[in-house]
Amino acid sequence: MIGQEQAAGSGAGRLKVADLAEIVDGGSKVVNVQGRSIALFRVKDQYFAIANNCLHRGGPLGEGEVRNFEVTCPWHGWRYSLVDGSFSLIPTLRVRTFKVTVTGEGVFIDQ
């Protein structure tokens, strides 16, 4: 399930971007945080956040298929690690990742 939400807050800190049950296993949600589009993923009850734009042509990674802790860009098939943002063919190319914190209150991205 892909949705969009404007995260509340400003400046540095921790911003709530989802409720725990909001993203199903293998699913994603696209959020806008301080002008940035960020793709949030849930895999085996772990949450990951990466920049939503593919390095190739800016494709929406939040709409990509997730398999084995990788997301595939729906436009041209570039694959990125959800763990560190690295591109599968050239690991030194990376999309930005964001630290995710999960509490009983929800899923947060640290800025």
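Only one of the numbered conditions (1) at pLDDT below 95; (2) surrounded by 13 or more Cβ atoms within 10 Å (Cβ to Cβ); (3) in contact with a Cys (Cβ under 9 Å, 6 or more places away or on another chain) is not met by Gln34, and that is (3). Scan segment 69-80 for residues that are in a strand (DSSP E or B) and either within 11 Å of the chain's Cα centre (by Cα) or not basic (Lys, Arg) (or both) and jot them down. Result: Glu70, Val71, Thr72, Tyr80. Only residues that are without any contact (Cβ under 8 Å) to a residue 24 or more places away in the chain, out of contact with any helix residue (DSSP H, G or I) (no Cβ under 8 Å at 6 or more places or on another chain) and either crowded, with 20+ Cβ neighbours inside 10 Å or closer than 12 Å to Tyr80 by Cα (or both) were counted across segment 37-52, and they come to 1. Just wondering, is there one or more residues in segment 64-79 that are out of contact with any strand residue (DSSP E or B) (no Cβ under 6 Å at 6 or more places or on another chain), open to solvent by less than 30 Å² (accessible area, probe 1.4 Å) and of a type outside the set (D, E, K, R)? Yes, there is a match, as at least one residue in segment 64-79 is out of contact with any strand residue (DSSP E or B) (no Cβ under 6 Å at 6 or more places or on another chain), open to solvent by less than 30 Å² (accessible area, probe 1.4 Å) and of a type outside the set (D, E, K, R). Taking first residues from segment 53-68 that are assigned to a loop (DSSP other than H, G, I, E, B) and partners that are open to solvent by less than 80 Å² (accessible area, probe 1.4 Å) and hydroxyl-bearing (Ser, Thr, Tyr), the Cβ contacts under 6 Å between residues at least 6 apart in sequence or on separate chains come to Gly64/Thr72.
Quick one: Thr97 ticks every box in (1) touching a helix residue (DSSP H, G or I) at 6+ places or on another chain (Cβ under 9 Å); (2) closer than 27 Å to Arg14 by Cβ; (3) open to solvent by 10 Å² or more (accessible area, probe 1.4 Å) except a single one, so which number is it? (1) is the only condition that Thr97 fails.
The values are calculated or read from the model by the stated rules, or taken from the named source; none is laboratory data. These numbers were taken from a predicted model, which means no experiment stands behind them. Cβ atoms come from the backbone with ideal geometry, glycine included; neighbour counts cover every protein chain shown. When the accessible area is computed, the model is the full protein with side chains, heavy atoms only, and any ligands, DNA or RNA have been set aside. Shrake-Rupley method; radii C 1.70, N 1.55, O 1.52, S 1.80 Å.
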